[in-house]
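The values are calculated or read from the model by the stated rules, or taken from the named source; none is laboratory data. These numbers were taken from a predicted model, which means no experiment stands behind them. As a convention, Cβ positions derive from the backbone with ideal geometry for all residues, glycine included, and neighbour counts pool all protein chains shown. These area figures cover heavy atoms from the full protein model, side chains too; ligands, DNA and RNA do not enter into them. Shrake-Rupley method; radii C 1.70, N 1.55, O 1.52, S 1.80 Å.
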Amino acid sequence: MGLLFSWSLFLTLLLSASVADSVHGGNKTDRLALLSFKAQITGDHFGTLNSWNESIHFCQWVGVTCSRRHPTRVTVLNLAHRKLVGPVSPHIGNLSFLKKLLLSNNSFSHEIPPQLGRLKRLQLLAMDNNSFTGEIPTNISGCSNLIDLYLDGNNISGKIPVELGSLSKLQTLSIYNNHLGGGIPSAFGNLSSLIHFVVPANRIGGSIPSALGKLKNLKYLNLAVNILVGTIPSSILNVSSLTAFNVLNNRLEGMLPLELGNTLPNLRLFGVGGNSFNGSIPISISNATKLSYIGFGFNKFTGKVPYLGKLNNLRWLDLAENYLGSGEADDLSFLNSLTNATKMTNLGLSRNNFGGLLPRRIGNLSTELHYLRIHTNKIVGSIPTGIGNLVNLQCLGLADDHLTGQIPSDIGKLQNLVILGLSNNKFYGDIP
């Protein structure tokens with residue numbers, strides 16, 4: 001009887017200790033990992049981590065969320081926008097139930113701990129807009145459930161790890177505005193779930209892998225402001241799901257395919273400016289009727305600008321600094337087709353070979369137009385009086401053309417005008 005009583009007492013004490021540990025301390029591994037994280041913080045402007053003490057359960061600490069099924073295991077650590085300073089403790093890799101880690105918009109520094117690769121359940125990793133240095137850890141490829149990865153706006157260098165190509169669930173890879181070099185791994189063609197691939201403002205070189213054309217879910221491809229060379233693989237310009245394609249300011253060349261507007265019917269943004277593309281602008285571009293932004297500027301395009309009348313959603317059209325037009329009378333006839341684009345705010349046609357007259361219907365362009373630049377061409381004749389209908393113009397550039405006649409008094413209606421360029425023409429008479 002005494003032995004049975006002692007055994008019952010032992011079980012009761014053991015259970016009581018377990019409950020007490022659950023209430024006051026919880027899972028020691030997660031609590032210690034969080035305390036190790038706090039110990040590395042050298043600046044806490046908002047006092048966010050003041051609550052991280054023994055007076056309350058760690059699942060009630062600011063920024064910490066625990067699992068309902070496993071109430072002492074941390075599933076979310078959200079410390080974004082907290083003005084925290086310091087390195088991230090490698091013990092973060094001990095939060096084995098973590099699904100979301102949000103550290104965006106702080107001042108975290110040093111290298112990204114490779115121990116993050118131990119977080120097999122991690123789905124969201126957001127470390128953007130900090131001061132991380134070093135390379136992207138190859139171990140992140142161990143986060144096999146990762147869906148969204150944000151490392152933008154840091155000081156990360158080195159190459160994009162080829163190992164990231166094994167993250168079959170990855171939908172967003174955003175690492176713009178860093179110091180990354182090397183090339184784009186061909187293995188990224190295996191990222192079958194990828195929707196957003198965003199790597200502008202780095203030093204990424206080499207050619208664009210044709211393997212990216214296998215990404216049938218890809219919607220947003222932004223490779224701008226790098227040092228990519230070669231041509232655009234035709235396989236990529238056949239990914240019909242694309243809504244945005246941006247390779248502005250690289251070192252690319254070649255001609256655009258004639259069927260561009262047919263193979264990319266969902267395009268909203270198409271930016272190829274600041275490269276060395278040549279040939280003509282595809283006539284089919286008008287079939288991509290959802291287009292809002294077209295950037296062809298600073299290339300070597302030639303020929304006539306095609307009919308654009310189907311692009312009713314167009315807001316921005318940049319054709320500046322090319323060899324478009326042939327100095328002939330109907331070079332600017334395409335402007336008549338742009339009167340349907342009632343939301344347009346920017347039209348850049350400067351530094352080309354456009355000749356002929358300014359169409360009288362130029363005054364029927366969008367009243368939302370802020371910038372109209374047609375300077376440094378071979379345009380003749382007078383400025384149509386309807387120009388005064390563009391009441392929201394802030395910049396009107398008509399300098400260095402061959403315009404004649406009097407400056408129309410209609411320009412006086414442009415009360416929002418900040419820049420007016422009319423120099424180096426052949427105007428006569430009084431200034432209105």
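Here the range 195-277 carries DSSP beta bridges of which approximately 0% are antiparallel, counting only pairs with both residues inside. Under the rule a/c < 1.5 gives rounded, and otherwise a/b versus b/c splits prolate from oblate, where does the range 25-115 land using the Cα gyration tensor? Because a/c hits 1.5 or more and a/b exceeds b/c, the range 25-115 counts as prolate.
GNM on the chain, alpha-carbon springs under 10 angstrom: the most fluctuating residue among Gly117, Gly309, Gly421 is Gly421. Candidates Ala288, Leu324, Asn336 compared by Cα position along the dipole of the range 245-337: farthest toward the positive end lies Ala288, with charges placed on Cβ. The trypsin sites (Lys or Arg not before Pro) of the range 84-136 that DSSP puts in a loop, and whose beta carbon has at most 15 other beta carbons within 10 Å, are Lys120. Placing unit charges on the Cβ atoms only, positive for Lys and Arg and negative for Asp and Glu, gives the chain a dipole magnitude near 1020 debye about its Cα centre.
For the chain, the longest principal axis of the Cα atoms and the long axis of helix 28-39 meet at an angle of about 50 degrees. For helix 2-20, report the angle its Cα long axis makes with the longest principal axis of the Cα atoms of the chain; keep it between 0 and 90° and round to the nearest 10°. Here the helix axis deviates by roughly 20 degrees. Here the Gaussian network model covers the chain, with springs between Cα atoms less than 10 Å apart; of Lys413, Lys378, Lys343, Lys413 fluctuates the most. Compared with the alpha-carbon gap, the fully stretched path from Lys83 to His179 is longer by 32.3 nm at 0.36 nm per residue. Once the chain from Ser67 to Glu135 is taken as fully extended at 0.36 nm per residue, the excess over their C-alpha distance is 21.3 nm.
Exposed loop sites are taken as chymotrypsin sites (Phe, Trp or Tyr not before Pro) in a DSSP loop (any state but H, G, I, E or B) with at most 13 other beta carbon atoms within 10 Å; the longest stretch of the chain without one runs 47-427.
Of the solvent-accessible surface of the range 122-196, computed with a 1.4 Å probe over protein heavy atoms with every protein chain present, carbon and sulfur atoms account for 44 percent.
Between Arg251 and Ser144, the C-beta separation translates, for a Förster distance of 35 Å, into a calculated FRET efficiency of about 0.45.
Helices in the chain, meaning DSSP H runs of at least 4 residues, each add -39500 (n - 2.57). Divided by all residues, the mean residue ellipticity at 222 nm is -2500 deg cm²/dmol. By the Cβ distance rule (another cysteine Cβ under 4.7 Å), the unpaired cysteines of the chain are Cys143, Cys395. Using Cα-Cα distances under 8 Å and only pairs 6 or more residues apart, what relative contact order does the chain have, in percent? So the answer I get is 6 percent.
Values [x] -0.34, -0.45, -0.89; [y] -0.50, -0.61, -0.90; [z] -0.39, -0.51, -0.93 are given for comparison; log10 I(q)/I(0) by the Debye sum over Cα atoms at q = 0.07, 0.08, 0.11 Å⁻¹, derived from the coordinates here, is the one labelled [y]. Electrostatic bookkeeping for Ala80 treats Lys and Arg as +1 and Asp and Glu as -1; over the other residues with beta carbon under 11 Å from its beta carbon, the sum is +2. Gain on full extension, evaluated as 0.36 nm per residue between Ala329 and Thr289 minus their Cα-Cα distance, stands at 11.6 nm. Rounded, prolate or oblate: which fits the range 349-400, taking a ≥ b ≥ c as square roots of the Cα gyration tensor eigenvalues, rounded meaning a/c under 1.5, else prolate when a/b beats b/c? In terms of gyration-tensor shape, oblate. Counting only DSSP beta bridges with both residues in the chain, the antiparallel share comes to about 5 percent. Its relative contact order, with pairs defined as Cα atoms under 8 Å and 6+ residues apart, puts the range 285-383 at 26 percent. Annotation: lysines with alpha-carbon distance below 24 angstrom to Lys343 (same-chain offsets under eight excluded): Lys219, Lys290, Lys304, Lys310, Lys413. Relative contact order for the range 172-213: what percent, with Cα pairs under 8 Å and sequence separation of 6 or more? For the range 172-213, the relative contact order is 55 percent. The residues neighbouring Gly356, those whose beta-carbon lies less than 13 Å from its own, together hold a net charge of -1 under the Lys/Arg +1, Asp/Glu -1 convention.
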